[in-house]
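To start, the structure itself, in structure tokens.
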């Protein structure tokens, strides 16, 4: 009797977790002023948090406000290498950059 109750309880726990795991929806965000674009997980970052300070782009938040995603398009006027440009800390967020993509024009 105890074993069947344990199995039933475990089945309910796993069934609840399986239904909560929904696919992540992605959408392309295009910075209108520069044409830069990036695909963002819109099912994760659901809230519009406005424009970043001092840059073209947009900020997004999770529904609980615990995470943010900032998309910025900045001019590299000094024509620095990607590593040098990112090392200068240019941008509005002041946070850690974990992924950067640089494209030639």
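The values are calculated or read from the model by the stated rules, or taken from the named source; none is laboratory data. No experiment lies behind these values; they were computed from the predicted model shown. Heads up, the Cβs are rebuilt from the backbone with ideal geometry, glycines too, and the neighbour counts pull from every protein chain shown.
Of the residues that sit in the range 47-73 and are in a loop (DSSP other than H, G, I, E, B) and within 15 Å of residue 32 (Cβ to Cβ), which one is modelled with the lowest pLDDT? Selected residue: 55. In the condition set (1) in a loop (DSSP other than H, G, I, E, B); (2) closer than 23 Å to residue 89 by Cα, residue 38 is compliant with all but (1). Residues in the range 74-96 that are under 22 Å from residue 60 (Cβ atoms) and either in contact with a helix residue (DSSP H, G or I) (Cβ under 6 Å, 6 or more places away or on another chain) or modelled with pLDDT of 70 or more (or both): 74, 86, 89. Please verify whether the range 5-26 includes one or more residues that are surrounded by 10 or more Cβ atoms within 10 Å (Cβ to Cβ) and at pLDDT 90 or above. For the range 5-26, residues surrounded by 10 or more Cβ atoms within 10 Å (Cβ to Cβ) and at pLDDT 90 or above: present.
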